[in-house]
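The values are calculated or read from the model by the stated rules, or taken from the named source; none is laboratory data. As the structure is a prediction and not an experimental result, all values here were calculated from the model. Cβ: placed from backbone, ideal geometry, glycine included. Neighbour counts: every protein chain shown.
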Amino acid sequence: MRRLVAVLVVAALLVGLLSACSGGDDGGAPTDAQVRAALATHARGVLRHDRDDFLAAVDAGRKAADFRDDQLAEYDNLVTVPLASWSYSLGPQVTDRTAQAAARKAYGASARIVRLELHYAIRGVDTVPVQHNLWWTFVRGGGKARAVGDDSLAREGGVSWSGPWDFGPMTTATGRSSVVFGRADGATSLQAIATVVDTAVPAVTSVWGTGWTRRVAVIVAPSSAALTAAIGASTAEQAGGDISALAVSAGSDPLTNRPLEQRLVIDPAAYAKLSAVGRRITVTHELTHLASAAATTEAIPRWLIEGFADYVGNLGTGQPVGTVAAELRAQIRAGSVPSALPGDDAVDAASTAASAYEQSWLACRLIAARIGQAGLVRFYRTVGASPDSSNVAVAAAVKTLLGESVAGFTAQWRAYLRSQLG
């Protein structure tokens, strides 16, 4: 009899252990309070570089093995990131019954899919924490919530956000004005990129002014998947793999209008093909987009956005006009002078972008020649501040600052193209 009791006690202990460590059900799905407690411990592990705290919220069972491995890799990569904050909050209740039923079938009766909001800020870069959505599945064990996966809602569109630390080993290089994230085996090249950014930041500030962050987070994407995650699927598809560097942001703070999560994303393979001057021009161009983001509205046409960035990017490089505008030069020498400033479609289309960018650059260069560099910045800000359509906003700025009609300025620009390139 005593032996039977002992066996039953051992069996009960084993059941309790399996329930606690392997996602077992101990009485219903995890509560909001249990999920919040698990996430608070998880976030504390990130900020304090405490591996035990980080893993305490992750289930140790076989079914969660892949998720746990991914989380371990993320932990190792995040250790190098200078974080000012990292926290989670619960989002709206997930109501998709099919997905919830599938999660219970996969992980047990206590499984619950939860939408989370990750809030994080990189020290010295993000003035306001940025937010991304995650869809994690939790189970209940030992009176606590433990995460078992992040893809239970993927088929329904609930794809969890992935940061640069989710795409393989990563290290960080830090410059005076930059924090660069990339592959662990690329430390030297990361530092070289930081040096280029450190040179470009004061160049942009000398034109635009100090009213921007002036400290840049750079993501060196180790793969096409990482690049797509950083810039967005639609942008990656539109670019067709032809990106060496790209400025991105995630909207703006509704209270301050400051851009959120500004990043410079670099494709290392394409970037490596650029000359030293090309890298400088490209990085300065993209940082100009970051600096001017708060002033860039739908009223500004693409020719002004890209032309202004090219104007700043090419300053002080010593590049002859004919070299910078080689494609447009050939076009003009063949007798084809553009009849109007390039439209948005021409700037964005792969077949016409090179010439359109060059036309836009020379339009901004002409404005600066007419009213000075500060005048060009004022022109950009004036168009961006207009409540009117792009055409009306540009016409008003041309009239006010240049004393011309759009037709008159266009005629001057066409003559300028011929004089510079013909």
*Could you check, for region 75-98, whether at least one of its residues is touching a Gly at 6+ places or on another chain (Cβ under 9 Å) and hydroxyl-bearing (S, T, Y)?*
yes
*asked:* Criterion first (within 20 Å of the chain's Cα centre (by Cα), of a type in the set (G, A, S) and assigned by TED's automatic domain parsing to the domain that holds A368) does A309 satisfy it?
replied: yes
*Can we say S244 is at negative phi, loosely packed, with under 14 Cβ neighbours inside 10 Å, without any contact (Cβ under 8 Å) to a residue 40 or more places away in the chain and not assigned by TED's automatic domain parsing to the domain that holds Y416?*
no
*Identify, from the list T256, T297, the residue that is closer than 25 Å to F379 by Cα, modelled with pLDDT under 85 and part of a loop (DSSP other than H, G, I, E, B).*
T256
*Wholly within region 335-410, which helices (runs of 4 or more DSSP H) include no fewer than the required count, namely at least 2 residues that are assigned by TED's automatic domain parsing to the domain that holds G322 and surrounded by 22 or more Cβ atoms within 10 Å (Cβ to Cβ)?*
353-371, 373-384, 390-397
*Scan of region 27-67 for residues that are part of a helix (DSSP H, G or I), closer than 18 Å to S110 by Cβ and touching a strand residue (DSSP E or B) at 6+ places or on another chain (Cβ under 8 Å), ordered by number*: D32, Q34, V35, R36, A37, A38, L39, K63, A64, F67
_Quick test of your reading of the structure: A173 fulfils all but one of (1) modelled with pLDDT under 95; (2) in a helix (DSSP H, G or I); (3) under 25 Å from L287 (Cα atoms). Name the failing condition by number._
(2)
_Here's a check for you: in region 187-203, which residue that is surrounded by fewer than 19 Cβ atoms within 10 Å (Cβ to Cβ) and within 22 Å of S224 (Cα to Cα) is farthest from the chain's Cα centre (by Cα)?_
T188
*Do you know which residues across region 274-304 are more than 18 Å from A192 (Cα to Cα) and either free of Cβ contacts under 8 Å to residues at least 40 places away in the same chain or touching an Asp or Glu at 6+ places or on another chain (Cβ under 7 Å) (or both)?*
A299, P301, R302
*Identify all residues within region 133-152 that are under 23 Å from the mean Cα position of the chain (by Cα) and either in a loop (DSSP other than H, G, I, E, B) or farther than 13 Å from R68 by Cβ (or both); write none if there are none.*
N133, L134, W135, D150, D151
*Name the one entry in R112, R104, R140 that is farther than 25 Å from P268 by Cα, without any contact (Cβ under 8 Å) to a residue 60 or more places away in the chain and basic (K, R).*
R104
*Just for region 307-334: of the residues that are part of a loop (DSSP other than H, G, I, E, B) and more than 16 Å from A415 (Cβ to Cβ), which one is modelled with the highest pLDDT?*
L315
